[in-house]
Amino acid sequence: MGQYVDHWQEAVQSRYPQLLRHLVWDRDRLNQLEEAINQVIGEEGLDLSAMTLYRRSLLNRLTGLGPLDALLTDDKVTDIMVNGPERIFCERDGHIEQVKQHFDTPEDVALLAQRLASRAGRVLNTESPLCDAQLVDGSRIHCVLPPVADQPTITIRRARQEPLSLDDYLLNGSLSMELWEDFITFIKERRNILVAGGAGSGKTSLLRLLTSVIGEDERLITIEDVRELNLNHANTVSLEMNRHYSIYDLVINSLRMRPDRIIVGEVRGEEAMELIEAMSTGHLGSLSTVHSQSGGADTILRLARMCSRRQLGISFDRLTEQIRETLDIIIYVRRYPDGVRRIESVQQPLQNQMNAIWQYQTGQAPGFVKVGRFYA
């Protein structure tokens, strides 16, 4: 049947090029592609139900998704992790699980990784074995090839078709209405806000939700290593890092763009000092996120270590003092064992301590049900 699959592939590519312009995995586009395949095969007078295996093979050829196809059309899957041809994991409903799908060889994983990188406009090969990029549907990919990794690896964080709304947060128990009303006040009072949390804890999603409160009469400059925020705000300029301009360079340039608020997707290095300076010198109400394993004082120490990379001749104690004077609110988010990403604490830095404004506390209900409440 190989020659038939080749024939069908040529027919679909020539008659339905609009379905093949991007590597896609949204359900609607894939449904259209499957209908096109059925149309082409049906014209041969063949029984479609007997051609299931070959239809799937043709779909994999045309999309380049291979064994990941089923995962990428499952709305409950948020992350996909390929650790080699036979070790594929996904996060579904907040829990990580190994899946049955697998690739035949490491070369198949490498080829898919290179196709993903190419679709995102990036180069991935043995000389440039790392790739971090965003695909056209908003999904974020990270690919690694040998010799940096022992096996070709692919990590995909799928983009939601619709950003998380306030209702989603409330229904999931990620925050309370009283807490949200405080957040609205913080934004309107132009408090400098930092969202802290571990990897995959929901920092970017919360940052996007917070910015939805900002008025249209303000000018926002967003700065990211890979564009993820995609704010629905009319007066927004989105800057993205590349090989020539670092996050630090973009923060410096953003100061010349008449921003009302500067929003840095994540501070990771020396740009932390420039952001703190901007927050304290006329750009009140700026926001950012930082990777941190706990909130409050530990987050301030992490920021201070980043700022110290600038080697400005300022003592570490003075840096921490300046950060405490500049930051108004630190929101710490984490993913709980039940898979739900919640706001764990909201704290206000003071001179020598942290003032806890909100705290989420868990309890044990009968059975295995976890219950929790937000305490002011």
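Among the residues making up segment 85-106, those that are out of contact with any strand residue (DSSP E or B) (no Cβ under 8 Å at 6 or more places or on another chain) and under 17 Å from Asp75 (Cβ atoms) are Asp93, His95. For segment 127-167, which residues satisfy the criterion of being part of a helix (DSSP H, G or I) and out of contact with any helix residue (DSSP H, G or I) (no Cβ under 9 Å at 6 or more places or on another chain)? The one that is part of a helix (DSSP H, G or I) and out of contact with any helix residue (DSSP H, G or I) (no Cβ under 9 Å at 6 or more places or on another chain): Asp167. For segment 35-54, taking the residues that are in contact with a helix residue (DSSP H, G or I) (Cβ under 7 Å, 6 or more places away or on another chain) and either within 28 Å of Val340 (Cα to Cα) or modelled with pLDDT under 75 (or both), the one that is surrounded by the fewest Cβ atoms within 10 Å (Cβ to Cβ) is identified as Leu48. Close contacts from segment 278-294, counting a first residue that is surrounded by fewer than 23 Cβ atoms within 10 Å (Cβ to Cβ) and a second that is at pLDDT below 90, with Cβ to Cβ under 8 Å and a gap of 6+ residues or different chains, come to His291/Ala199.
Keeping to segment 331-349, report how many residues are of a type outside the set (Asp, Glu) and in a loop (DSSP other than H, G, I, E, B).
4
Every listed requirement among (1) part of a loop (DSSP other than H, G, I, E, B); (2) within 19 Å of the chain's Cα centre (by Cα); (3) under 26 Å from Ile184 (Cβ atoms); (4) not aliphatic (A, V, I, L, M) is met by Gln293 save one, (3). Looking only at residues in segment 233-250 that are out of contact with any helix residue (DSSP H, G or I) (no Cβ under 7 Å at 6 or more places or on another chain) and part of a loop (DSSP other than H, G, I, E, B), the one that is modelled with the lowest pLDDT is Arg243. Among the residues of segment 121-142, those that are farther than 20 Å from Pro67 by Cβ and among the aliphatic types (A, V, I, L, M) comprise Val123, Leu130, Ala133, Val136. List every residue pair whose Cβ atoms lie under 7 Å apart, where the two residues are 6 or more positions apart in sequence or sit on different chains, the first residue falls within segment 329-356 and is closer than 29 Å to Asp93 by Cα, and the second residue, located anywhere, is acidic (Asp, Glu). Cβ pairs passing all conditions: Tyr332/Glu344; Val333/Glu344; Arg334/Glu344; Gly339/Asp93. Inclusion of Asp74 among residues that are under 27 Å from Arg342 (Cα atoms), at pLDDT 80 or above and of a type outside the set (A, V, I, L, M, F, W, C) is not warranted.
Within segment 211-249, the residues that satisfy the criterion of being among the aliphatic types (A, V, I, L, M) and closer than 19 Å to Ala272 by Cβ are Ile221, Ile223, Val226, Leu229, Leu239, Met241, Ile247.
Exactly one residue among Leu112, Leu124 is under 23 Å from Thr73 (Cβ atoms) and not aromatic (Phe, Trp, Tyr), and that residue is Leu112.
Being in the same structural domain as Leu206 (by TED's automatic domain parsing), β-branched (Val, Ile, Thr), surrounded by 15 or more Cβ atoms within 10 Å (Cβ to Cβ) and outside any strand (DSSP E or B) is a description that does not apply to Ile262. Considering each of Leu111, Leu116 in turn, give the residue that is out of contact with any strand residue (DSSP E or B) (no Cβ under 9 Å at 6 or more places or on another chain) and in a helix (DSSP H, G or I). From the options Leu111, Leu116, the qualifying one is Leu111.
Condition check ((1) loosely packed, with under 15 Cβ neighbours inside 10 Å; (2) farther than 20 Å from Ser345 by Cα; (3) touching a Gly at 6+ places or on another chain (Cβ under 9 Å)) across all residues:
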position: Gly121; (1), (2), (3): yes, yes, no
position: Arg140; (1), (2), (3): no, yes, no
position: Gln151; (1), (2), (3): no, yes, yes
position: Pro163; (1), (2), (3): no, yes, no
position: Leu175; (1), (2), (3): no, no, no
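Out of curiosity, is Asn253 polar (S, T, N, Q), in a loop (DSSP other than H, G, I, E, B) and surrounded by fewer than 16 Cβ atoms within 10 Å (Cβ to Cβ)? Taking the combined requirement at face value, the residue does not satisfy it. Once segment 88-119 is narrowed to residues that are within 16 Å of Val144 (Cβ to Cβ) and in contact with a Gly (Cβ under 6 Å, 6 or more places away or on another chain), the residue that is surrounded by the fewest Cβ atoms within 10 Å (Cβ to Cβ) is Arg115. On the stretch given as segment 191-232, residues that are outside any loop (DSSP other than H, G, I, E, B) and not hydroxyl-bearing (Ser, Thr, Tyr) total 15.
In this structure, does Leu327 turn out to be surrounded by fewer than 13 Cβ atoms within 10 Å (Cβ to Cβ), assigned by TED's automatic domain parsing to the domain that holds Glu228 and either modelled with pLDDT of 90 or more or among the aromatic types (Phe, Trp, Tyr) (or both)? Before you say what the answer is, go through the steps one by one.
Details: surrounded by fewer than 13 Cβ atoms within 10 Å (Cβ to Cβ): no; assigned by TED's automatic domain parsing to the domain that holds Glu228: yes; either modelled with pLDDT of 90 or more or among the aromatic types (Phe, Trp, Tyr) (or both): yes.
The answer is no for Leu327.
Among the residues of segment 298-318, those identified as assigned to a helix (DSSP H, G or I) and either modelled with pLDDT under 90 or buried (at least 16 other Cβ atoms within 10 Å of the Cβ) (or both) are Thr299, Ile300, Arg302, Leu303, Ala304, Met306, Cys307, Ser308, Arg309, Arg310.
The values are calculated or read from the model by the stated rules, or taken from the named source; none is laboratory data. The model shown is predicted, which means the values in this text are computed figures rather than measured ones. No Cβ is skipped: glycine too gets one built from the backbone with ideal geometry, and neighbour counts run over all protein chains shown.
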